[in-house]
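Worksheet: the structure to be examined is printed underneath.
The values are calculated or read from the model by the stated rules, or taken from the named source; none is laboratory data. Note that this is a predicted model, so its numbers are computed, not measured. Positions of Cβ are generated from backbone atoms using ideal geometry, with glycine treated the same way; all protein chains shown enter the neighbour counts.
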Amino acid sequence: MFNRSFLLVVVAAFFAGLGLLAADRWLGGSAAPSLPSLEAVTPYPTPRPLPAFELIGADGPVTAETLKGRWTVVFIGFVSCPDVCPTTLTDMAKAQKAWAALPEAQRPRLLFVSIDPERDTPELLSKYAHFFHPDTLAATQPDLAKLEAFTSSLSLVFRKVAIGSGYTMDHSGSMVLLDPEVRVAGVIRPQMPDGATPGAASIAHFDIDKVTRDLTSLAGAQP
């Protein structure tokens, strides 16, 4: 049940991304800088500024000002996620270890945003994210309307799903790329394992080697 719902959410996010591409073409925006050849990242025709936002992390607010100056990969999820979130954070930790060789001011970073503020306090979220890698930024927003506004601005979606006496969260599995000016610059979509069929109990994954090379290249360093 969870995997089928999750795939539906991924499909919805995919078409939302197509809409964003069309909007960028017709509505314009700041011109996209010349980008290197990318393997995992699908860049948007023009980067799109984000509306003002404020997330809450264990060390204080996370805003556009917090993210300025470096490439940022944004992934949404929740602490009690059984599969997709820990798999993605584990994979991304491999990329973060590779990026550690870069100067800090140049180093790409990962922002993990919880879409379950009812259970995920900033402190709990920070401990969870740092279990995978200490450099991961982790934040949420207790005001659901503000949280939805932020994820929607990234063309990411989520929903609460009742299970027995509790609930889980379905959410987009793609990661969104923000440029150093905190504009939506592209998307990184997961892929199903080779041979997997729709509806099968398989977890989509990222080609982390390609993600690592893409972000290293964007950061201006040699792979």
Taking the stretch 40-52 and keeping residues more than 12 Å from ARG189 (Cβ to Cβ) and either surrounded by 13 or more Cβ atoms within 10 Å (Cβ to Cβ) or among the charged types (D, E, K, R) (or both) leaves PRO43, TYR44, PRO45, THR46, PRO47, ARG48, PRO49, LEU50
List the strands (runs of 3 or more DSSP E) inside the stretch 134-186, counting only whole elements, that have at least 1 residues being buried (at least 23 other Cβ atoms within 10 Å of the Cβ). 137-140, 166-171, 175-178
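So is ALA32 assigned to a helix (DSSP H, G or I), at pLDDT below 95 and either of a type in the set (Gly, Ala, Ser) or surrounded by 16 or more Cβ atoms within 10 Å (Cβ to Cβ) (or both) or not?
no
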So which pairs qualify, if the first residue must be in the stretch 74-103 and touching a residue at least 24 places away in the same chain (Cβ under 8 Å) and within 23 Å of THR63 (Cα to Cα), the second must be among the charged types (D, E, K, R) and surrounded by fewer than 18 Cβ atoms within 10 Å (Cβ to Cβ), the Cβ gap must be under 6 Å, and the two must be at least 6 apart or on different chains? GLN96/ASP135
For a quick check of your reading of the model, give me the residue pairs whose first member lies in the stretch 116-145 and is over 22 Å from LYS160 (Cα atoms), whose second is of a type in the set (Lys, Arg) and assigned to a loop (DSSP other than H, G, I, E, B), with beta-carbon atoms closer than 8 Å and at least 6 apart or on different chains. ASP135/ARG107
Are any of the residues in the stretch 89-100 out of contact with any His (no Cβ under 8 Å at 6 or more places or on another chain), closer than 24 Å to PHE53 by Cα and either modelled with pLDDT of 95 or more or surrounded by 21 or more Cβ atoms within 10 Å (Cβ to Cβ) (or both)? no
